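Here the structure comes first, spelled out in structure tokens, and everything after it is commentary.
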Amino acid sequence: MDRLISLEPSNVVVIRIENGQKCCGELTLKNVMYTMPVAFRLQAVNKARYTIRPQSGIIAPLTTLTVEITYDYQQNSGHPRSLPYCDDSFLLHSVVVPGAAVKNPSSTHDSVPMDWFTARKKQVFVDSGIRVMFVGSVVMASLVRNGSMDEMRDVLEKGDPSWRAVDAVDDEGQTLLHLAISQSRADLVQLLLEFEPDIEARGSSGVTPLEAASASGEGLIVELLLAHRASTERSESSTWGPLHLAASAGHVDVLRLLLQKGANANMLTKDGNTALHLVVEERKRDCARLLLASGGQPNIRNSGDGDTPLHIAAAFGDEYMVKLLLQKGAYKEIQNHSGKTAYDMAAEQGHTKLFDALGLGDRLCIAARKGEIRTINRILESGALVNGQDQHGWTILHRASFKGRVEVARFLIEKGVDLNARDEDGYTALHCAVESGHVDVLELLVKKGADVEARTNKGVTPMQIADSLNYSGIKRVLIQGGANKDEFTQISKTAPAFGNIKGGRGEKDTGLKKKKNTRGKALRGSFDQSAAHMVAI
């Protein structure tokens, strides 16, 4: 026999350290003798650091006794340098005492005479293998800050079972997850998640771990938290949710992860903005495109000024963002709480380059369709650009050419309009004039130097359009203007019908009312009738 007393559940004293609280642990001693009582005496090697109650006593056969060990946290100026284990140890003396009466041990004085453990005639057992493990919020926070993976796992697995070490909070109110995230330590986060912490716990600033990771752009950590079902919703105590934090900081990869996990692209901040409002203000183009592609609505007004994202983009003079929002369905005429449209916001800040896209361009389109040269001139003098393009890339020359307004086209050419400007599909004004069969506009454009060999994004030339629509007279004008004569034979063999080339062109919609012309369109002079697919506005 090498001992009289066993230690339960192990030979480790677990002492919990918390600021402002009593720092203590318990050690359970069990008499392993079947018939004899055993006396014990427990002493700390470093007596100044620890108080033991009771320090000695008698334990009846096969029974247990619990000893409280207190660490003097203040006197020792905080926790030891080595954590969670330290070099301190305890000596446990034990001796068989036949016939000794078992008494309740005193909490302040030794209940067993010292000479019991020094008498030579008795066999005294000494156990010196008792170790000290420090746990508690202070310890866990220190281990996380130091990145001590093995030690963290030891505390999480062997620490005080009555206390969830994984939910410890440091002096500033930060959880262990928040501390690990602040250090960009995905490995620490993964370890903590194994022990199922409160994944929605708020940090000192009121944000959840997912909100903190999203704001920092920690993609791997965000992925780990989402895999453990962290909520993508904005917490009640947070002004912004994970989506807003990632978007406004331009963390497009994190934003994509959140959206893939079902985050609402139109979730509101506490002050009523969507993520799209925020990315427009911060000019995060990639995030704006992703939000719009994921269901982000461009026409939501915030609760502050009633601004849509388009209002914000216009106020900042962000031409790229304005065009992107318009392409994705932003409505120009929405008024904010002050009754201002996006055009009004741009005008207030003097962003003349936005006038076409936000207002003057539409007025020019209407005037061009109607052939109102005076109105066109007045709008141009107001700051509209003669080569300004709408959200589809159409200039007013495209519009005038498609509608056959030859005098408007001539006026625009005098104003320096770009004859070969292309829309989003690569169409020039010449393509539009050919498609709609307006020979007088066509002749003017060719005479002024329009490129008769211009190709759309799909490689379609004006000649191919004319041939597909059987416009023989228009083909002659194009040839006289320098179009390739050999295209006739190539077209008949290789070029599909125009309806299949483009699926039918028609005039681009600019938000104005339009209607189908089901009767077809009468061409001028002796030219053939255009196909019934033409659209008139």
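Counting only residues that are part of a helix (DSSP H, G or I) and small (Gly, Ala, Ser), which one in the range 333-363 is farthest from residue 416 (Cα to Cα)? Show your work before the answer.
First, the residues of the range 333-363 that are part of a helix (DSSP H, G or I): 342-348, 352-363.
Now drop any that are not small (Gly, Ala, Ser), which leaves 342, 346-347, 357, 359, 361.
Numbers: 342: 28, 346: 25, 347: 25, 357: 19, 359: 21, 361: 17 Å.
This residue is 342.
For the range 146-167, state whether one or more residues are within 23 Å of residue 6 (Cα to Cα) and aliphatic (A, V, I, L, M).
Residues of the range 146-167 that are within 23 Å of residue 6 (Cα to Cα), as a first pass: 154-155, 157-162.
Among the residues that remain, those that are also aliphatic (A, V, I, L, M) are: 155.
Yes, that holds for at least one residue.
Any idea which of (1) at negative phi; (2) modelled with pLDDT of 90 or more is the one residue 295 doesn't satisfy?
Answer for residue 295: the failing condition is (1).
Table: residues versus (1) within 48 Å of the chain's Cα centre (by Cα); (2) at pLDDT below 90; (3) part of a helix (DSSP H, G or I).
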site	(1), (2), (3)
420	yes, no, no
441	no, no, yes
457	yes, no, no
496	yes, yes, no
506	yes, yes, no
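Consider the range 448-474. How many of its residues are surrounded by fewer than 22 Cβ atoms within 10 Å (Cβ to Cβ) and either within 18 Å of residue 418 (Cα to Cα) or not hydroxyl-bearing (Ser, Thr, Tyr) (or both)?
12
One line per residue, one yes/no per condition, for (1) more than 25 Å from residue 323 (Cβ to Cβ); (2) under 11 Å from the mean Cα position of the chain (by Cα); (3) outside the structural domain of residue 338 (by TED's automatic domain parsing):
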residue	(1), (2), (3)
247	no, yes, yes
256	no, yes, yes
270	yes, no, yes
277	no, no, yes
283	no, no, yes
292	no, no, yes
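Does residue 228 satisfy the criteria of being assigned by TED's automatic domain parsing to the domain that holds residue 167 and buried (at least 24 other Cβ atoms within 10 Å of the Cβ)? Even if it seems obvious, please write down each step before you answer.
On the way: assigned by TED's automatic domain parsing to the domain that holds residue 167: yes; buried (at least 24 other Cβ atoms within 10 Å of the Cβ): no.
Against the criterion (assigned by TED's automatic domain parsing to the domain that holds residue 167 and buried (at least 24 other Cβ atoms within 10 Å of the Cβ)), residue 228 does not qualify.
Tell me, please, whether a residue that is more than 30 Å from residue 36 (Cβ to Cβ), outside any helix (DSSP H, G or I) and without any contact (Cβ under 8 Å) to a residue 60 or more places away in the chain can be found in the range 128-146.
no
Scan the range 406-413 and give yes if some residue there is basic (Lys, Arg), assigned to a loop (DSSP other than H, G, I, E, B) and over 18 Å from residue 484 (Cα atoms), otherwise no.
Our first condition is that a residue be basic (Lys, Arg); within the range 406-413, this holds for 410.
Then drop every residue that is not assigned to a loop (DSSP other than H, G, I, E, B), which leaves none.
No, the range 406-413 contains no residue that is basic (Lys, Arg), assigned to a loop (DSSP other than H, G, I, E, B) and over 18 Å from residue 484 (Cα atoms).
Only one of 332, 323, 340 is under 24 Å from residue 382 (Cα atoms) and either free of Cβ contacts under 8 Å to residues at least 60 places away in the same chain or acidic (Asp, Glu) (or both); which? Can you show your working first?
Details: 332 fails: either free of Cβ contacts under 8 Å to residues at least 60 places away in the same chain or acidic (Asp, Glu) (or both); 323 fails: either free of Cβ contacts under 8 Å to residues at least 60 places away in the same chain or acidic (Asp, Glu) (or both).
Exactly one of 332, 323, 340 is under 24 Å from residue 382 (Cα atoms) and either free of Cβ contacts under 8 Å to residues at least 60 places away in the same chain or acidic (Asp, Glu) (or both), namely 340.
Looking for whichever is in a loop (DSSP other than H, G, I, E, B) and among the aliphatic types (A, V, I, L, M) here; the options are 313, 288, 330. Which one fits? Reasoning before the result, please.
Details: 313 fails: in a loop (DSSP other than H, G, I, E, B); 288 fails: in a loop (DSSP other than H, G, I, E, B).
Unique residue meeting the criteria: 330.
Write out, first by first residue and then by second, each pair whose Cβ atoms fall under 7 Å of each other, whose residues are 6+ apart or on separate chains, and whose first residue, in the range 439-455, is in the same structural domain as residue 396 (by TED's automatic domain parsing) and of a type in the set (Asp, Glu) while the second is surrounded by fewer than 16 Cβ atoms within 10 Å (Cβ to Cβ) and in a loop (DSSP other than H, G, I, E, B).
Note: pairs meeting the criteria are 440/524; 451/420; 453/484.
Which condition from (1) at pLDDT 90 or above; (2) touching a Pro at 6+ places or on another chain (Cβ under 8 Å); (3) not basic (Lys, Arg) is the one that residue 97 breaks?
Residue 97 satisfies every listed condition except (1).
Please work out which residue is surrounded by the most Cβ atoms within 10 Å (Cβ to Cβ), limiting yourself to the range 183-208 and to residues that are farther than 15 Å from residue 224 by Cα and out of contact with any strand residue (DSSP E or B) (no Cβ under 7 Å at 6 or more places or on another chain). Full working, then the answer.
The initial filter retains those residues of the range 183-208 that are farther than 15 Å from residue 224 by Cα, namely 183, 201-207.
Filter once more, keeping what is out of contact with any strand residue (DSSP E or B) (no Cβ under 7 Å at 6 or more places or on another chain): 183, 202, 204-207.
On the way: 183: 13, 202: 20, 204: 13, 205: 14, 206: 13, 207: 24.
Checking each candidate, the answer is 207.
Against the definition (polar (S, T, N, Q) and under 42 Å from the mean Cα position of the chain (by Cα)), how does residue 464 come out, yes or no? Show your work before the answer.
Working: polar (S, T, N, Q): yes; under 42 Å from the mean Cα position of the chain (by Cα): no.
Criteria not met by residue 464.
Consider only pairs whose beta carbons are under 7 Å apart and that are at least six residues apart or on different chains; among these, list those whose first residue lies in the range 156-185 and is under 12 Å from residue 136 (Cα atoms) and whose second residue is among the basic types (Lys, Arg) and surrounded by 21 or more Cβ atoms within 10 Å (Cβ to Cβ).
Going by the 7 Å Cβ cut-off, the qualifying pairs are 160/16; 163/16.
In the range 186-196, is there at least one residue being of a type in the set (Gly, Ala, Ser) and either part of a loop (DSSP other than H, G, I, E, B) or modelled with pLDDT under 95 (or both)?
The initial filter retains those residues of the range 186-196 that are of a type in the set (Gly, Ala, Ser), namely 186.
Now restrict to residues that are either part of a loop (DSSP other than H, G, I, E, B) or modelled with pLDDT under 95 (or both): none.
Checked against the condition, which is being of a type in the set (Gly, Ala, Ser) and either part of a loop (DSSP other than H, G, I, E, B) or modelled with pLDDT under 95 (or both), the range 186-196 yields no hits at all.
For the range 122-133, indicate whether the set of residues that are farther than 18 Å from residue 3 by Cα, within 57 Å of the chain's Cα centre (by Cα) and modelled with pLDDT of 90 or more is non-empty.
Initial filter on the range 122-133 (farther than 18 Å from residue 3 by Cα): 132-133.
Right, trim to within 57 Å of the chain's Cα centre (by Cα) and you get 132-133.
In the following step, the residues that additionally are modelled with pLDDT of 90 or more were identified as none.
Scanning the range 122-133, I find no residue that is farther than 18 Å from residue 3 by Cα, within 57 Å of the chain's Cα centre (by Cα) and modelled with pLDDT of 90 or more, so the answer is no.
What are the residues in the range 48-65 that are out of contact with any Pro (no Cβ under 6 Å at 6 or more places or on another chain), of a type in the set (Gly, Ala, Ser) and modelled with pLDDT of 85 or more, if any? Break it down stepwise before answering.
First, the residues of the range 48-65 that are out of contact with any Pro (no Cβ under 6 Å at 6 or more places or on another chain): 48-53, 55-56, 59, 61-65.
Those left that are additionally of a type in the set (Gly, Ala, Ser): 48, 56.
Correct list: 56 only.
Of everything in the range 66-92, what is surrounded by 20 or more Cβ atoms within 10 Å (Cβ to Cβ) and either modelled with pLDDT of 85 or more or among the charged types (D, E, K, R) (or both)? Give them in sequence order.
Matches in the range 66-92: 67, 69, 71, 84, 90, 92.
Given the options 32, 45, name the one that is in the same structural domain as residue 102 (by TED's automatic domain parsing), of a type in the set (Val, Ile, Thr) and either at pLDDT below 90 or under 25 Å from residue 148 (Cβ atoms) (or both). Walk me through it before giving the result.
Numbers: 32 fails: either at pLDDT below 90 or under 25 Å from residue 148 (Cβ atoms) (or both).
Exactly one of 32, 45 is in the same structural domain as residue 102 (by TED's automatic domain parsing), of a type in the set (Val, Ile, Thr) and either at pLDDT below 90 or under 25 Å from residue 148 (Cβ atoms) (or both), namely 45.
Condition first: closer than 16 Å to residue 264 by Cα and over 14 Å from the mean Cα position of the chain (by Cα). Now tell me which residues in the range 200-234 satisfy that.
Once the filter is applied, which keeps residues that are closer than 16 Å to residue 264 by Cα and over 14 Å from the mean Cα position of the chain (by Cα), the range 200-234 yields only 229.
Which of the following residues is of a type in the set (Val, Ile, Thr) and either surrounded by fewer than 19 Cβ atoms within 10 Å (Cβ to Cβ) or not in a helix (DSSP H, G or I) (or both): 379, 366?
On the way: 379 fails: either surrounded by fewer than 19 Cβ atoms within 10 Å (Cβ to Cβ) or not in a helix (DSSP H, G or I) (or both).
Of 379, 366, the one residue that is of a type in the set (Val, Ile, Thr) and either surrounded by fewer than 19 Cβ atoms within 10 Å (Cβ to Cβ) or not in a helix (DSSP H, G or I) (or both) is 366.
Go over the candidates 238, 214 one by one and state the one that is surrounded by 16 or more Cβ atoms within 10 Å (Cβ to Cβ), at pLDDT 90 or above and small (Gly, Ala, Ser). Walk me through it before giving the result.
Details: 238 fails: at pLDDT 90 or above.
It is 214.
Name every residue in the range 414-471 that is of a type in the set (Val, Ile, Thr) and within 20 Å of residue 387 (Cα to Cα), in order of residue number. Give the steps one after another, and end with the answer.
At the first step, the residues of the range 414-471 found to be of a type in the set (Val, Ile, Thr) are 417, 428, 434, 439, 441, 446, 452, 456, 460-461, 465.
Residues satisfying the conditions are 417, 428, 441, 446, 452, 456.
The values are calculated or read from the model by the stated rules, or taken from the named source; none is laboratory data. Note that the structure is a prediction, hence the values are computed from the model and not measured. No Cβ is skipped: glycine too gets one built from the backbone with ideal geometry, and neighbour counts run over all protein chains shown.
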